[in-house]
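Student: First, the structure itself, so that you have it in front of you.
Read-outs throughout are calculated quantities, based only on the coordinates presented, and are distinct from any laboratory measurement. Please read all numbers here as calculations on a predicted model, not as lab measurements. Neighbour counts run over all protein chains shown; Cβ positions are idealised from the backbone, glycine included.
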Amino acid sequence: MTVAQAAAFSERSFYLQEFRGRTLGIACPAGWLHDAPGIASVIHTLARNETRVIVLSSRRAALASVVGDRILPAATPHLETAVWRTLRQSSRLGILLGGRQPFAARCRDLALRLGFFKLIWIHPQGGMRDPTTGERLSFVHQDELRALLAHPRRISRERRALLREIDRLLSGGLAAVNVCTAAGLDEELFTYSGSGTLFTRKRYIHVRELGLDDFDAAYDLIDRGVRDGSLAPRKPAEVDRILANGFGAFVEGSHLAGIGALLPYPESRAGEIASLYTLTRFLGEGVGDQLVRFALRLAREARMRWVFACTTQERVGAFFDRHGFDRVPSTELPERKWRGYDRRRRRRLLCHRRDVHRRRSRTDAS
């Protein structure tokens, strides 16, 4: 197994563990149910994982192509208990939606009625894109969603209707809604990068120190950062030190969106902010800002006098500049930092230092 394959496997395992014992809804109008074998494969994976999957569509033949013959009409008397009894026999189920109400509204009513863990909406255009730049919006909280609805430039009438229903789903209590293509369903559910857009009620980013159960995901992020050139390669003992002193930014309480560590240098009453890395999917969500603020808080609690960070990338250096760090020569950092350090890499480093108790910058206070 290659490093890339191992990382992908670990990502899948992480999400499968999160979904185990939950009920996921997948909504797809019959006319958009393309790549039925791909959807069926994802449903099979979830069912084997002891995840309950309910597919909502408006045509029996379309439902049968992905869930088989276990299909209930939405008009079934006492639908909730009928669904419950059916799912005790099989982890996959189709619900046939009828009536004159728009399909999206019917899905919304049913998702709230059954209390899904999350709803995945299959759409041929996939997730949302920024109306100005055209870039995919990977993560959208409800305030941002309402801003999109208030300024609907370049958003079709059909997509606006869907966004309004997602807003009502979140207001009604559903924790999360994913929008993606049928072909991108596997990537959206089982990878950190995703393929579509994840909608949530609030900006669910909470930073805390890593626990034992977080080490697998954190190790994968460090490996990912090394492979894409964002982080320097480290020996196993150095990675262990990062994990032992690490903290993470968690989205929805479980998705690890970014990591960092504060490595102590007690002889200098200093700390190094190391292995700071944010998943591309969550760039622009302020994850890096929150990680640095958390590191500064830890430094104050540990009564450190100053912290420092090193990078070979100018964009990362500019990030630390914005957080009130001063660029300094490497000789102003603890000598222990350089024991066994690659001399050529040291000459390329941008070194940043900041007093812990200096007046907070505007970025720190935000």
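Student: Along the charge dipole of region 3-200, Cβ charges K/R +1 and D/E -1, which of V140, S195, L56 sits furthest on the positive end?
Tutor: L56
Student: When ranked by the protection proxy of mean other Cβ atoms within 10 Å per residue, highest first, what sequence do the peptides 227-240, 51-64, 262-275 form? Spell out each step's value before the answer.
Tutor: Numbers: 227-240: 13.3, 51-64: 21.1, 262-275: 19.0.
By packing density, highest mean first, the sequence is 51-64, 262-275, 227-240.
Student: Does region 274-343 come out rounded, prolate or oblate, given a ≥ b ≥ c as the square roots of the eigenvalues of its C-alpha gyration tensor, rounded meaning a/c under 1.5 and, failing that, prolate meaning a/b above b/c? Let's see the in-between values first.
Tutor: Details: a/c = 1.90, a/b = 1.32, b/c = 1.44.
Oblate.
Student: Here's another thing I want to ask about it. Helix 79-89 sits at what angle to the longest principal axis of the chain, using alpha carbons and giving 0 to 90 degrees rounded to 10?
Tutor: 70 degrees
Student: Please work out the Cα center distance from region 139-154 to region 43-116, rounded to the nearest Å.
Tutor: So the separation of the two Cα centres works out to 29 Å.
Student: To the nearest 20 debye, what is the magnitude of the charge dipole of region 155-282 about its Cα centre, counting +1 on the Cβ of each Lys and Arg and -1 on the Cβ of each Asp and Glu?
Tutor: Once rounded to the nearest 20, the dipole reads 660 debye.
Student: Can you pull the Kirkwood radius for region 3-200, inverse mean 1/r over Cα pairs, to one decimal in Å?
Tutor: 17.1 Å
Student: Let me ask another. Helix-only mean residue ellipticity at 222 nm, the chain, DSSP H runs n ≥ 4 weighted -39,500 (n - 2.57), per residue, nearest 500. What is it?
Tutor: That comes out to -12000 deg cm²/dmol.
Student: Another one. What are the lysines whose alpha-carbon lies under 30 Å from the alpha-carbon of K202, with same-chain residues fewer than 8 places away excluded?
Tutor: The qualifying lysines are K118.
Student: Now for a separate question. How big is the charge dipole of the chain about its Cα centre, in debye rounded to the nearest 20, if each Lys and Arg gets +1 on its Cβ and each Asp and Glu gets -1 on its Cβ?
Tutor: So the dipole magnitude of the chain works out to roughly 700 debye.
Student: Here is a follow-up. Round to the nearest 10 and give me the degree value, 0 to 90, for the angle of helix 287-301's Cα axis relative to the longest principal axis of the chain.
Tutor: Orientation of helix 287-301: about 50 degrees from the principal axis.
Student: Under a straight-distance cross-link criterion of Cα-Cα below 21 Å, which lysines are reachable from K337, leaving out those fewer than 8 residues away in the same chain?
Tutor: K235
Student: Between A261, G288, V307, whose Cα lies farthest towards the positive end of the dipole of region 228-343 when Lys and Arg beta carbons carry +1 and Asp and Glu beta carbons carry -1, centred on the Cα centre?
Tutor: V307
Student: Over all alpha-carbon pairs of region 154-266, lay out the pair-distance distribution in 5 Å bins, whole %, shortest bin first.
Tutor: That works out to 2, 10, 16, 17, 17, 12, 9, 8, 5, 3, 1, 0, 0, in percent per bin.
Student: Once you list every other residue whose beta carbon is under 13 Å from the beta carbon of G134, what net charge do they have if Lys and Arg are +1 and Asp and Glu are -1?
Tutor: After counting each charged neighbour, the total is +2.
Student: Next question. Looking at P77, Q101, L24, which one has the Cα that reaches farthest to the positive end of the dipole of the chain (charges on Cβ: Lys, Arg +1; Asp, Glu -1)?
Tutor: Checked the options; the winner is Q101.
Student: Between beta-carbons, use under 11 Å as the cut-off and find the net charge around S171, counting Lys and Arg +1, Asp and Glu -1. Don't jump to the answer; show the numbers that get you there.
Tutor: Numbers: positive: R108, R146, R164, R168, R201; negative: E165, D167.
So the surrounding residues net to +3.
Student: By how many degrees, between 0 and 90 and to the nearest 10, does the Cα long axis of helix 103-114 differ from the longest principal axis of the chain?
Tutor: Helix 103-114 and the main axis of the chain meet at about 80 degrees.
Student: Return an integer: the convex hull volume of the alpha-carbon atoms of the chain, in Å³ per residue.
Tutor: Cα-based convex hull of the chain, divided per residue, equals 153 Å³.
Student: Over 29 Å, how big is the tail of the calculated P(r) for region 205-365, in percent of all Cα pairs?
Tutor: Summing the P(r) tail past 29 Å for region 205-365 gives 11 percent.
Student: Between beta-carbons, use under 12 Å as the cut-off and find the net charge around L93, counting Lys and Arg +1, Asp and Glu -1.
Tutor: That works out to +4.
Student: Nothing charged except the Cβ atoms of Lys and Arg (+1) and of Asp and Glu (-1): what's the magnitude of the dipole of region 205-365 about its Cα centre? Round to the nearest 20 debye.
Tutor: About 900 debye.
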